[in-house]
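Reading through the structure tokens given below for one structure.
Every number here is computed from the coordinates shown, using simple stated rules; none is lab data. For clarity, every value in this text was computed on a predicted model and none was experimentally measured. With ideal geometry, Cβ positions are generated from the backbone for all residues, glycine too; neighbour counts draw on all protein chains shown.
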Amino acid sequence: MMCADLIIRGGSIISMDSTYSIHEDSLMVVDKGRIIAIRPATDEQYTADKTIDARDCLIIPGLINTHTHLPMTYFRGLADDMVLQDWLQGYIWPLEAKLVKPQFVYDATLHGASEMIKNGITLANDMYFHMGSIAEACTRAGFRVIISEALLDHAMSEEDRKTCIGNRLKALMVKYRDNNLISFSLAPHSIYTCTPATLRRCGEVAQENDWLVHMHLSETRQEVENCLKEHGKRPVEYLQDLGFLGSRCLFAHGIWLDDAELELLANSRSAISICTDSHLKLNSGFAPIKKMHEHGVTYSLGTDGVASNNNLDLLSELDYTAKLHKLLAQDTTFLPAREALAMVTRNAARALGMQDRLGSLEVGKDADITILNTHDLECQPLYNPYSQIVYAMSSRQVRDVVIAGEVVLDRGKLIKVDESELIETAKHYRHDILSGINQ
């Protein structure tokens with residue numbers, strides 16, 4: 001008899017491995033943060049300190065959100081129904097200049113990370129400010145995160161620019177090297193907020209250290225038109241000429257990409273994070289997912305920040321992304337449910353360079369696991385689990401979440417944080433935020 005940390009018994013494991021294996025009535029054994037066995041539920045050779053009864057459940061890889069702004073959770077519903085540049089320049093950036101301090105970022109991140117856990121998300125690729133505060137909050141919540149600090153030239157002195165591009169990131173990597181929940185990446189905000197010199201230096205530093213670069217790209221038509229006017233090139237061609245595409249890149253949005261740009265991305269180590277809800281709400285456009293698919297570009301799904309999405313229900317976002325792009329492609333067979341689910345599991349892990357650890361439920365991989373309850377009226381009868389997950393389920397069906405082998409959501413209850421305290425803290429900040437707007 002072998003003793004492990006955790007056993008998940010019963011239910012169907014939707015592995016999302018290379019052959020899309022499904023293990024019915026299964027047993028998953030977790031020890032020291034990793035999956036060490038997948039067996040029939042009747043196997044009795046393992047015992048564990050904790051057992052989860054997953055009968056009537058689908059067990060899937062933890063969902064991966066490839067573009068987020070966790071601390072913006074406190075800006076939910078603050079400035080809606082606006083054009084992107086007006087939204088950024090008239091509301092978000094001025095408000096951030098007044099309010100964004102380490103404690104604010106910590107509290108807002110703790111709220112956002114906890115909300116993501118309740119939505120079945122186990123990893124977020126985040127971009128914001130005060131990286132240490134984000135790391136501490138996510139550690140407390142038990143949430144896995146890749147953290148980057150948005151680099152904007154207008155907000156940096158020359159000395160800041162030197163320390164932001166490399167040194168600060170290296171110091172944080174040393175500080176958190178023994179924390180398996182925390183990783184870091186480099187984040188020039190966009191081509192319109194960073195000078196060519198900053199972008200070139202970011203590309204050099206990323207390549208020297210083999211760091212992931214996280215950046216907004218081609219979110220609006222105006223961004224492309226301005227790039228053509230100022231540089232005589234489209235955004236991806238501009239970045240290519242700066243030597244930027246030699247890095248591992250995760251570009252958020254990628255709405256206004258043409259075929260030549262997609263070909264450049266396909267031949268680089270780049271991936272796209274599509275944020276459908278944010279794109280629709282800000283009237284930014286539709287990401288060319290079918291063309292990405294045809295060119296062989298890796299694409300995944302992100303929620304963006306709550307200020308431009310208003311919720312973190314990645315399963316619901318997956319549902320209407322799949323349906324919307326069938327319509328846009330004029331092809332009902334495009335982006336079938338199984339391929340859609342890959343956008344938030346195995347493909348998302350590949351987009352972040354973490355496919356060896358995450359994105360599928362296999363022996364040896366990190367135990368990031370989401371358990372979905374099917375014992376609901378809207379989830380029965382169940383014929384095709386992929387169809388059920390993508391087209392019928394939402395965050396309402398998220399029952400349990402395991403991150404790095406630790407249970408952080410148990411039958412809908414957050415384990416490491418007090419949800420009522422999070423709500424009261426958010427209410428407290430509401431007064432400060434409204435005061436900041438009115439000043």
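Structure above, values below:
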{"read-out": "Among ALA4, GLY112, ILE371 - extreme Cα towards positive end, dipole of the chain, charges at beta-carbon", "value": "ALA4"}
{"read-out": "Unit charges at the beta carbon, dipole of the range 63-351: most positive-side option, ASN309, CYS138, HIS295", "value": "CYS138"}
{"read-out": "Dipole magnitude of the range 63-351 about its Cα centre (Cβ charges: Lys, Arg +1; Asp, Glu -1), debye to nearest 20", "value": "680"}
{"read-out": "In the range 44-113, the trypsin sites (Lys or Arg not before Pro) that fall in loop regions by DSSP, at most 15 other Cβ within 10 Å", "value": "ARG55"}
{"read-out": "Separation in nanometres of the label points that stand 7 Å from Cα toward Cβ, at TYR20 and LYS170", "value": "4.6"}
{"read-out": "Given charges at beta-carbon only (K, R positive; D, E negative), |dipole| of the range 202-360 in Debye", "value": "380"}
{"read-out": "Length added when fully stretched, THR51-ALA37, from 0.36 nm per residue minus Cα-Cα", "value": "3.6 nm"}
{"read-out": "Computed Rg/Rh of the chain, alpha carbon atoms with Kirkwood Rh", "value": "0.96"}
{"read-out": "Centre separation in Å (Cα based) which lies between the range 311-367 and the range 109-149", "value": "20"}
{"read-out": "Neighbour-count order for THR73, THR298, THR66, fewest beta carbons within 10 angstrom listed first", "value": "THR298, THR73, THR66"}
{"read-out": "Calculated FRET efficiency for the pair ARG221/THR333, C-beta based, R₀ 41 Å, to 0.05", "value": "0.90"}
{"read-out": "Within straight-line cross-link reach of LYS170, aspartates and glutamates at Cα separation under 18 Å, skipping those fewer than 8 residues along the same chain", "value": "ASP126, GLU136, GLU149, GLU159, ASP160, ASP178, GLU204, GLU208, ASP210"}
{"read-out": "Amide N proximity, the range 187-203 versus GLU158 label position 7 Å along Cα-to-Cβ, cut-off under 20 Å", "value": "194-202"}
{"read-out": "Proxy reagent accessibility, fewest Cβ within 10 Å first, across GLU421, GLU237, GLU149", "value": "GLU421, GLU237, GLU149"}
{"read-out": "DSSP-defined beta bridges in the chain - what % are antiparallel, rounded to 5", "value": "40"}
{"read-out": "Cross-link reach list, lysines versus LYS416, counting only Cα pairs under 28 Å and skipping chain neighbours closer than eight places", "value": "LYS32, LYS50, LYS101, LYS118, LYS175, LYS365, LYS427"}
{"read-out": "Exposure proxy order (Cβ contacts within 10 Å, fewest to most) of ASP81, ASP319", "value": "ASP81, ASP319"}
{"read-out": "Positive dipole terminus of the range 1-99, leading residue within MET16, GLY33, LEU99 (C-beta point charges)", "value": "LEU99"}
{"read-out": "Net length gained if the chain between THR195 and GLU378 were fully extended (0.36 nm per residue, minus Cα distance)", "value": "60.8 nm"}
